[in-house]
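S.K.: Quick one: structure below, then a few questions.
The values are calculated or read from the model by the stated rules, or taken from the named source; none is laboratory data. As the structure is a prediction and not an experimental result, all values here were calculated from the model. A quick note on method: Cβ atoms are made from the backbone with ideal geometry, for glycine too, and the neighbour counts reach across all protein chains shown. For the accessible areas, the whole protein counts, side chains as well, though only heavy atoms, and no ligand, DNA or RNA atoms are used. Shrake-Rupley method; radii C 1.70, N 1.55, O 1.52, S 1.80 Å.
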Amino acid sequence: MPIALRKPPLTEGASPPFEAGRKLGVVEMALVWQGLHEDPQCPSRVLRDKVAQSPAPLQRSVRHLNRLRVKWPLNRCKGRPRRAESDPPRPSYTEVVRVTPRLSFVGVHLFAHWLEQQGVFGPVVTQLQQAIQTYKAAHPEEDFALLHHHQQTLLHRFQALFFAPLLGIKTLTGFDTHEHPLPTLVGRGYHSSTLLQFLGQLERVEAALALLPTLVLGQPGPITYVDGPMIAYGSRLSMHKGKITMLGRIMGGSQAVIAHDAAGYAVFVQYSPPDMHLSQLIVAYCQKVAVATGKALFVIDRAVHAVAIAQAFDTQDLGLLCMLDDNEHAGLASLAATEVATLQDGAKV
């Protein structure tokens, strides 16, 4: 029957007969044996250093000592040796080194904490709740998920949409394909289908009109600037066509009419087909902006340069500052101007 191999016990009389070799003499071998007898689990490197302090210094490598230990069946088990109970306690570094869990987008977390301290999201949730209550009173027969959302649910879903651009998420599907720290940022994660449903139901209750006074910043000035950039869509679907890009190509897309204040913050955005000229909708658009923001003076740099448009603005008690086309004016004679000053070179203002 097979017999399991075992190491013989190390006793006083178990010393093997030492014979001088080519690299180690009898004295060096005896010193090595004595060191192993005192501490059988001593690593070979530590053993070599102990023997090197003796009167007969040992100038051999650790590999040579390992061969001797295998020859004498005194080789140590693999792994680092365990600390003996008599070893002095090691110093504690808990006050010096602090281990914290890995956290992505640390700056966004700090920004979210600052927004929470400022109470920025509180008025937004309040306005959403008021819009929901107004819709429920006007349509008591309607029943969908947004009408039953609690305050915490509205807050978390709005925060998920608010922080999405800061997390590198450009589209709602990015919540499904990109790794994001929403669970540590707002307390839970969301899928794109949930947030898409949330946006659709917000539009259903017309939450934009309720949120506009809250999301628009303080009044930096009485002037509102309007621009209408063209946005091209590379799609094969049937869409409105219009001249898009400076090359004048006929492409599908949309025209974004954007109003922003003197500080550069957008206050109102509306999309229209690119084949519809801006002059056909600018008066109604500016009237909506004036009602929402209380500013009735608009500056438009292009696409609206006609005296008829200015008269339409004046009819709606709106102010307009723009540049007329070359065929629309003939100097100050074509305008009702009032002289206010004369410059040093004789030019009249």
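S.K.: Determine whether Gly242 is of a type outside the set (Val, Ile, Thr), under 30 Å from Gly319 (Cα atoms), modelled with pLDDT under 80 and surrounded by 14 or more Cβ atoms within 10 Å (Cβ to Cβ). Can you show your working first?
M.R.: On the way: of a type outside the set (Val, Ile, Thr): yes; under 30 Å from Gly319 (Cα atoms): yes; modelled with pLDDT under 80: yes; surrounded by 14 or more Cβ atoms within 10 Å (Cβ to Cβ): yes.
Considered against the rule, which asks whether it is of a type outside the set (Val, Ile, Thr), under 30 Å from Gly319 (Cα atoms), modelled with pLDDT under 80 and surrounded by 14 or more Cβ atoms within 10 Å (Cβ to Cβ), Gly242 comes out as yes.
S.K.: Now for a different question. Those residues that are part of a helix (DSSP H, G or I) and either without any contact (Cβ under 8 Å) to a residue 24 or more places away in the chain or within 22 Å of Pro183 (Cα to Cα) (or both), I need them from segment 135-144; list them, please. Walk me through it before giving the result.
M.R.: Kept after step one, since they are part of a helix (DSSP H, G or I), are these residues of segment 135-144: 135-138.
Selection gives Lys136, Ala137, Ala138.
S.K.: Could I ask something else about it? Name, by its number, the condition in (1) open to solvent by 70 Å² or more (accessible area, probe 1.4 Å); (2) modelled with pLDDT of 80 or more that does not hold for Ile250.
M.R.: Exception for Ile250: condition (2).
S.K.: In segment 170-187, what residues are touching a helix residue (DSSP H, G or I) at 6+ places or on another chain (Cβ under 8 Å) and either over 14 Å from Leu199 (Cβ atoms) or in contact (Cβ under 8 Å) with a residue 40 or more places away in the chain (or both)?
M.R.: Gly174, Asp176, His178, His180, Pro181, Leu182, Thr184, Leu185, Val186, Gly187
S.K.: Hey, among Ala333, Ala347, which residue is at pLDDT below 75 and open to solvent by less than 70 Å² (accessible area, probe 1.4 Å)? Give the derivation first.
M.R.: Details: Ala333 fails: open to solvent by less than 70 Å² (accessible area, probe 1.4 Å).
Exactly one residue qualifies, and that residue is Ala347.
S.K.: Based on this model, can you work out whether Arg80 counts as at pLDDT below 70 and more than 30 Å from Ala30 (Cβ to Cβ)?
M.R.: Numbers: at pLDDT below 70: yes; more than 30 Å from Ala30 (Cβ to Cβ): no.
No; evaluated as a whole, the condition is false for this residue.
S.K.: Is one or more of the residues making up segment 149-163 over 23 Å from Ala208 (Cα atoms), within 12 Å of the chain's Cα centre (by Cα) and touching a residue at least 40 places away in the same chain (Cβ under 8 Å)?
M.R.: No, that holds for no residue.
S.K.: Can I ask one more? Hey, Asp317 hits all of (1) in a loop (DSSP other than H, G, I, E, B); (2) modelled with pLDDT under 85 but one; which does it fall short on?
M.R.: Asp317 satisfies every listed condition except (2).
S.K.: Return the residues of segment 146-173 that are open to solvent by less than 50 Å² (accessible area, probe 1.4 Å) and more than 19 Å from His109 (Cβ to Cβ); say none if nothing qualifies.
M.R.: Step one: filter segment 146-173 for residues open to solvent by less than 50 Å² (accessible area, probe 1.4 Å), giving 146-147, 149, 153-161, 163-164, 167-169, 172.
Those that are open to solvent by less than 50 Å² (accessible area, probe 1.4 Å) and more than 19 Å from His109 (Cβ to Cβ): Leu146, Leu147, His149, Thr153, Leu154, Leu172.
S.K.: Please determine, by comparing only the residues of segment 222-238 that are modelled with pLDDT of 75 or more and outside any strand (DSSP E or B), which one is surrounded by the fewest Cβ atoms within 10 Å (Cβ to Cβ).
M.R.: Per the stated criteria, the residue is Pro229.
S.K.: Look through Glu179, Glu203 and report the one residue that is exposed (fewer than 15 other Cβ atoms within 10 Å of the Cβ) and part of a helix (DSSP H, G or I). Steps first, please.
M.R.: Numbers: Glu179 fails: part of a helix (DSSP H, G or I).
The unique qualifying residue is Glu203.
S.K.: Now, a different point. Taking into account only those residues within segment 257-274 that are surrounded by fewer than 15 Cβ atoms within 10 Å (Cβ to Cβ) and either modelled with pLDDT under 85 or among the aromatic types (Phe, Trp, Tyr) (or both), which is nearest to Val289 (Cα to Cα)? Please lay out each step first, then the result.
M.R.: Pass one, segment 257-274, residues surrounded by fewer than 15 Cβ atoms within 10 Å (Cβ to Cβ): 262-266, 269, 271, 273.
Next cut, either modelled with pLDDT under 85 or among the aromatic types (Phe, Trp, Tyr) (or both) only: 262-266, 271, 273.
On the way: Ala262: 14, Ala263: 16, Gly264: 15, Tyr265: 14, Ala266: 11, Tyr271: 14, Pro273: 19 Å.
Filtering first and then ranking leaves Ala266.
S.K.: Same structure again: Just one of Asp143, Asp49 is within 25 Å of Leu196 (Cα to Cα), modelled with pLDDT of 65 or more and either acidic (Asp, Glu) or surrounded by fewer than 10 Cβ atoms within 10 Å (Cβ to Cβ) (or both); which is it?
M.R.: Working: Asp49 fails: within 25 Å of Leu196 (Cα to Cα).
Just a single option satisfies the conditions, and that option is Asp143.
S.K.: Across segment 279-289, what is the total count of residues that are crowded, with 19+ Cβ neighbours inside 10 Å and either part of a loop (DSSP other than H, G, I, E, B) or in contact (Cβ under 8 Å) with a residue 60 or more places away in the chain (or both)?
M.R.: 2
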